[in-house]
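*Asks:* Here it is, the structure in full.
The values are calculated or read from the model by the stated rules, or taken from the named source; none is laboratory data. Predicted model only: the values in this text are computed from it and were never measured. A quick note on method: Cβ atoms are made from the backbone with ideal geometry, for glycine too, and the neighbour counts reach across all protein chains shown. The protein model used for the area step is the full one, side chains on, heavy atoms only, and it has no ligands, DNA or RNA in it. Shrake-Rupley method; radii C 1.70, N 1.55, O 1.52, S 1.80 Å.
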Amino acid sequence: MILRTQEFILTMSIVGMGFAVLFAEQKAMRLEVLNRSLRALSATDGLTGVANRRHFDEVLIAESARARSSGESLALALVDVDLFKPYNDCYGHQAGDDALRLISDALVNSKRGTRDLVARYGGEEFAIILPGADVGIARQTAWTVCQALEAQQLPHVESPFGVLTASIGVAALVPANGDAPSLLLKRADAALYEAKRRGRNQVAVHGHERFPHGEKI
Ligand code: GH3
Ligand code: MG
Ligand code: MG
């Protein structure tokens, strides 16, 4: 009788340990899923669902380092929605938010494959990191974005184009030792400024156009 009881206790202990291991594994899996979703959330812009500025900064640093060691070109497109303040003033902030979501969709649909990263850079500005792209490919992608935005036909009566449009500055380089990722940003930003200056709803490419005061952008 005592033997039976001991056997029973032993069996129950083994079964109990089995359950404990199973529960621990399930808990670890649940935590892993939770961690993954938290990581994804902390990298995502809440309004548009594309990468946020923090994630953009991380990816730009990582891709610059990768391009530096592989000798591949790295391109960046900075996209700024045209006349967005008047859009908000005319149609309301909620409509402005809806438009930003549609614009980010157009950007995501225009990117090449999975290596490109679309991010909300801030406010009504977006960025696309294009690893491996030279100036020609980056310019082409940027044009696709401009055309996709125009094709959305979001009415904007305050704009000379009649619809919501964007201006895009593009830069590409093979990072050399000592080139900070901020150099690519600075060049794309200068090109964006040039696209605005020329009348908006267009692409300007750093190094391929001239600034009014002579030096190449
Ligand atoms: P430009 O063509 O020179 O870029 O003119 P702009 O009016 O787009 O530029 P400006 O910098 O004067 O205005 C940007 C506007 O973007 C002002 C701001 O209210 C709006 N904006 C920024 N973030 C958001 C947002 O999250 N939602 C909405 N609805 N509007 C935003
Ligand atoms: Mg802006
Ligand atoms: Mg703007």
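*Asks:* What does the accessible area of F161 come to, in Å² to the nearest 10, when a probe of 1.4 Å is used?
*Replies:* 80
*Asks:* On to the next question. Long-range amide H contacts for V163: which residues qualify at under 5 Å (H placed 1.01 Å from N, peptide plane, sequence gap of 5 or more or a different chain)?
*Replies:* H156
*Asks:* Going from most exposed to least, what order do D189, D57, D82 have by accessible area with a 1.4 Å probe?
*Replies:* D189, D57, D82
*Asks:* Starting from the Cα gyration tensor of the stretch 35-108, take the square roots of the eigenvalues, sort them a ≥ b ≥ c, and report rounded, prolate or oblate (rounded when a/c is under 1.5, otherwise prolate if a/b is larger than b/c, else oblate).
*Replies:* Oblate.
*Asks:* Related question: For labels at F8 and A20 in the simple 7 Å Cα→Cβ model, what's the distance in nm?
*Replies:* Using points 7 Å along Cα→Cβ, the separation is 2.1 nm.
*Asks:* Where in the chain are the DSSP H helices whose alpha-carbon span along the long axis reaches 18 Å or more and whose Kyte-Doolittle mean is at least -0.5?
*Replies:* Flagged H segments are 2-42, 93-110, 135-152, 181-197.
*Asks:* Could I ask something else about it? Leaving out ligands and nucleic acids, and using a 1.4 Å probe, what accessible area per residue does the chain come to in Å²?
*Replies:* 55
*Asks:* Also, I was wondering about something else. How many nm separate the modelled label positions at D98 and S70, each set 7 Å beyond the Cα in the direction of the Cβ?
*Replies:* For the pair D98/S70, the computed spacing is 4.1 nm.
*Asks:* For Y121, Y193, Y91, what's the largest-to-smallest order of accessible area, 1.4 Å probe?
*Replies:* Largest accessible area first, the residues go Y193, Y91, Y121.
*Asks:* Here's another thing I want to ask about it. Given bins 10 angstrom wide, list per bin the percent of all Cα-Cα distances in the chain, short to long.
*Replies:* Computed distribution, short to long bins: 8, 28, 26, 14, 7, 5, 5, 4, 2, 0, 0.
*Asks:* Right, another one. For Cα pairs less than 8 Å apart in space and 6+ apart in sequence, what is the mean separation divided by the residue count of the stretch 60-197, i.e. the relative contact order in percent?
*Replies:* That works out to 36 percent.
*Asks:* Using a 1.4 Å probe on the protein chains only, how many percent of the accessible area of the stretch 1-42 belongs to carbon and sulfur?
*Replies:* C and S atoms contribute 74 percent here.
*Asks:* As a test of reading the structure, rank M1, M17 by solvent-accessible area (1.4 Å probe, protein chains only), most first.
*Replies:* Ranked list, largest accessible area first: M1, M17.
*Asks:* Of the candidates L185, L31, L74, which one comes out as most mobile in a Gaussian network treatment of the chain with C-alpha springs shorter than 10 Å?
*Replies:* Result: L31 has the largest fluctuation of those listed.
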